[in-house]
1. Pick from Leu63, Leu122, Leu98: which is most flexible by mean-square fluctuation in a GNM of the chain where alpha carbon atoms under 10 Å apart are linked?
2. At a 1.4 Å probe, what is the % contribution of carbon and sulfur to the accessible area of the chain?
3. Sort out for me the Cα centre separation of the range 63-138 from the range 173-211, rounded to whole Å.
4. First measure r as the distance between the Cβ atoms of Tyr40 and Ser203, then evaluate 1/(1 + (r/R0)^6) with R0 = 35 Å and state the FRET efficiency to the nearest 0.05.
5. Using DSSP to define loop residues, name the GluC sites (Glu not before Pro) in the range 136-211 whose beta-carbon has at most 10 other beta-carbon atoms within 10 Å.
6. Excluding ligands, DNA and RNA, what is the solvent-accessible area per residue of the chain at a probe of 1.4 Å, expressed in Å²?
7. For Tyr159, Tyr68, Tyr12, what's the largest-to-smallest order of accessible area, 1.4 Å probe?
8. Loop only per DSSP, at most 13 neighbouring Cβ atoms within 10 Å: give me the GluC sites (Glu not before Pro) in the range 18-97, ordered by residue number.
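The values are calculated or read from the model by the stated rules, or taken from the named source; none is laboratory data. Treat the numbers as computed from the prediction; the structure is a model and nothing was measured. FYI the Cβ positions are ideal-geometry reconstructions off the backbone, even for glycines, and counts take in every protein chain you see. Note: accessible area is taken over every heavy atom of the protein model, side chains too, but ligands, DNA and RNA are not part of it. Shrake-Rupley method; radii C 1.70, N 1.55, O 1.52, S 1.80 Å.
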Amino acid sequence: IVGDSLAAGLGYFAERVFRSRLVKVSRQGRISTGLARPDYFNWPYTMRRIVDRFDPDLVIVMLGENDYQSLQTVHGEREAQVGTPAWPSAYRDRVVALMRIATSRGAKVVWAGLPISADFRLRSHSRRQNEIFEFAASISHDVAFFDSWDRFRDPEGGYTAYFREGRRVILIREDDGLHFNAIGYTIVAREIAKLASEEFGLSPRTFEAAL
């Protein structure tokens with residue numbers, strides 16, 4: 001499980017969803033990272049090392065919350081300024097490249113999109129990122145997109161810190177309005193496992209299907 005602080009939380013609680021006798025979860029989340037600043041943290045390089053070291057069957061990616069900024073090269077030179085027409089295509093290239101590295105040794109990938117945030121200032125950009133993630137997954141081999149935005153929004157399309165499951169209404173978000181709490185991450189991990197089962201044939205025996 002790779003990505004930023006969202007992935008760090010997801011990895012911890014995924015260990016509770018996937019059955020340890022059948023699945024080994026490797027937590028590779030790195031806080032304050034993303035695809036915009038490879039001069040700060042190089043995810044393509046790190047992904048190659050992860051794939052070579054662990055040879056995973058399934059890679060779960062959740063990142064992007066730190067990418068509301070201009071894109072830099074590995075040498076710290078500006079490639080595309082945020083808010084310009086050049087940014088989406090350059091960012092898409094980085095997403096596709098990471099997907100190709102993740103699947104290079106036969107792994108399947110579930111790329112989890114950004115959840116809706118309580119911060120209105122982030123929503124437009126996060127939506128654009130999710131469109132890029134979904135499109136990149138559609139043109140990439142062995143990659144499925146998990147729509148965290150629509151799955152965890154309220155019925156009117158806005159932000160909610162709660163999730164309805166049957167008759168229960170559950171608090172799933174932290175006070176920062178972005179990250180999930182323990183129950184929320186458990187639900188995200190469970191939903192991703194179900195998607196991997198549907199898309200890639202992951203055996204339902206490998207994960208807990210309910211809270």
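1. Comparing Leu63, Leu122, Leu98 in the GNM, the peak value goes to Leu122.
2. Within the chain, the accessible surface is 47 percent carbon and sulfur.
3. 22 Å
4. Using R0 = 35 Å, I get an efficiency of 0.35.
5. Here the sparse-neighbourhood loop sites are Glu156.
6. Ligands and nucleic acids excluded, the figure is 51 Å² per residue.
7. Sorted by accessible area, descending: Tyr68, Tyr12, Tyr159.
8. Glu77
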